[in-house]
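These notes concern the structure reproduced below.
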Amino acid sequence: MKSLISERARGLRLSKIREIFEIVAKMEDVVRLEIGEPDFDTPANIIQAAKDALDDGYTHYTSSAGILELREAIARKLARENRITVDAATQVAVTTGATSALFLTIQATVNPGEEVLLPDPGWPPYASIVQLTGATPVLYPLLEKEGFRARAHLIEPLITPRTKVLLVNSPSNPTGAVLDREGMEAICELAKKRDLLVISDEVYERIVFDPHVHHSLATLPGMTERAITVNSVSKTYAMTGWRIGFAAGPAEVIAPIPKLQLYANCHPTAAAQKACVAAYDGSESTVQEMVKSYQLRRDYMAKNLNELPGIKCPTPGGAFYLFPNIEGTGMDSMTFAKHLLEKGKVASVPGDGFGPHGQGYIRLCYAQSMEDLEKGVERMGKVTAALAKAGS
Ligand code: PLP
């Protein structure tokens, strides 16, 4: 009998993170710091807009580029918040979350055999998305000594004649690092010099803490024709389950995205699209409150983790993750993550699940209640103290 599944499907590897998920599923009373999403519910005005949309008949097919009203709201958002000027009709495609925006943008721009530069450590689906096009992911390092920020001098040696796209993610998942303006300028100069397209994944753009500032890569000189901005409502508005995102950039790159989307999922849900108009055009106060709350929790976690033996925790500038260095415990990432879960009932993600340069770190998401964070710190304290005692 012929194989039932394709080589493509067989080639998709499940991440190491699943090992942790499987252990968590069998346990009780675990402090869940491995989950990567806001703990807030979607703001009430956005939920109301979705209800109104259903009552108003947003139950039919839409354009595969998304409703024009939402593309216009996104164009206004890009002008207001990012200083990016785009034509709503030709330079914005609404997608099923940023995941789909990344998938479709890679499909639209990269040929089999070409190479895509990805951050290491970075969000695990990037590599699989690239592999699904028949292209090769090439990992560029993000180093702790550089504040985990992408550095042009570490990327340049990896460029070959086959390199088509450089993907940049700031603020970063998993490190929370925010790329500085000079670093971004150097990367843009490199992209222009070596004729690369740049995909800028900005899903955490609004979760940035003083004094850090988010700069949209597409606004740097000469980048309008080679930068594609990917974003979504998932993190900013606590809307991970709604599945709305977008890609914005040169009309030539955006044009094939609705065509590709047509054959995958046609378009994102009509009423959810309509609700996102309310999200982008609505009051900013809820977003600001959420960011303030993340900042308090980041400060609490970074301060307390740095007091634990064997743990060094840089204070990240954005997103809702911490990426502490756990080398001082004498364990590798997976061993430590499993030990922490089994002995301390705290779930984390081993850093090497995000790429080889994540070895020696774990990712903790602090978008959890203060009560859980306090419990998590206390439990981590006991586990690391026991390790330190055993090692001395
Ligand atoms: N990009 C990064 C860096 C992420 O961390 C995530 C989700 O965790 C996404 C993209 C996908 O976001 P969405 O929910 O919009 O698909």
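The values are calculated or read from the model by the stated rules, or taken from the named source; none is laboratory data. Just so we're clear, the structure is a prediction, and the values are computed from it rather than from any experiment. Positions of Cβ are generated from backbone atoms using ideal geometry, with glycine treated the same way; all protein chains shown enter the neighbour counts. These accessible areas exclude ligands, DNA and RNA; they are computed on the full protein's heavy atoms, side chains included. Shrake-Rupley method; radii C 1.70, N 1.55, O 1.52, S 1.80 Å.
At-a-glance table
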| read-out | value |
| --- | --- |
| Rg(Cα) / (2.2 N^0.38 Å) computed for the chain, rounded to two decimals | 0.99 |
| Positive-end extreme of charge dipole, the stretch 1-131 - chosen from PRO119, MET27, ILE46 (charges on Cβ) | PRO119 |
| Trypsin sites (Lys or Arg not before Pro) restricted to DSSP loop in the stretch 1-52 with at most 13 other C-beta within 10 Å | LYS2, ARG13, LYS26 |
| Most mobile listed residue (PRO124, PRO309, PRO161) in the chain, GNM with C-alpha springs under 10 Å | PRO161 |
| Heavy-atom accessible surface of the chain: percent carbon and sulfur, 1.4 Å | 53 |
| CD proxy at 222 nm, helix term only [per DSSP H run n ≥ 4: -39500 (n - 2.57); per residue of the chain; nearest 500] | -12000 deg cm²/dmol |
| DSSP beta bridges in the chain [antiparallel fraction, %, rounded to 5] | 45 |
| Where chymotrypsin sites (Phe, Trp or Tyr not before Pro) fall in DSSP loop in the stretch 40-106, at most 10 other Cβ within 10 Å | TYR61 |
| Candidates ALA75, ALA186, ALA275: whichever shows maximal mean-square fluctuation once the chain is modelled as a Gaussian network with Cα springs under 10 Å | ALA186 |
| Accessible area of MET27 in the full protein assembly, 1.4 Å probe (Å², nearest 10) | 50 |
| Restraint check, LYS235/LYS345; LYS312/LYS375; LYS292/LYS375; LYS16/LYS343; LYS303/LYS389; LYS26/LYS274, Cα-Cα greater than 29 Å | LYS26/LYS274 |
| Computed magnitude of the charge dipole of the stretch 36-161 (debye, nearest 20; Cβ of K, R +1, Cβ of D, E -1) | 320 |
| Average accessible surface area per residue within the chain, 1.4 Å rolling probe, Å² | 43 |
| With all protein chains modelled, accessible area of HIS215 [1.4 Å, Å²] | 50 |
| GNM flexibility winner over the chain from TYR237, TYR263, TYR361 (Cα, springs under 10 Å) | TYR263 |
| The stretch 196-321 shape via C-alpha gyration tensor axes, a/c threshold 1.5 | prolate |
| Radius ratio Rg over Rh of the stretch 307-357, counting only Cα atoms, Kirkwood formula for Rh | 0.95 |
| Reduced Cα scattering model of the stretch 250-386, Debye log10 I(q)/I(0), q = 0.15, 0.18 Å⁻¹ | -0.81, -0.94 |
| Cross-link partners of LYS193 among aspartates and glutamates (Cα-Cα below 19 Å; sequence separation of 8 or more within a chain) | GLU114, GLU115, GLU156, GLU182, GLU185, GLU225 |
| Over the stretch 209-259, volume per residue of the alpha carbon convex hull, in Å³ | 75 |
| Of the trypsin sites (Lys or Arg not before Pro) in the stretch 219-305, those whose Cβ has at most 12 other Cβ within 10 Å and which sit in DSSP loop | none |
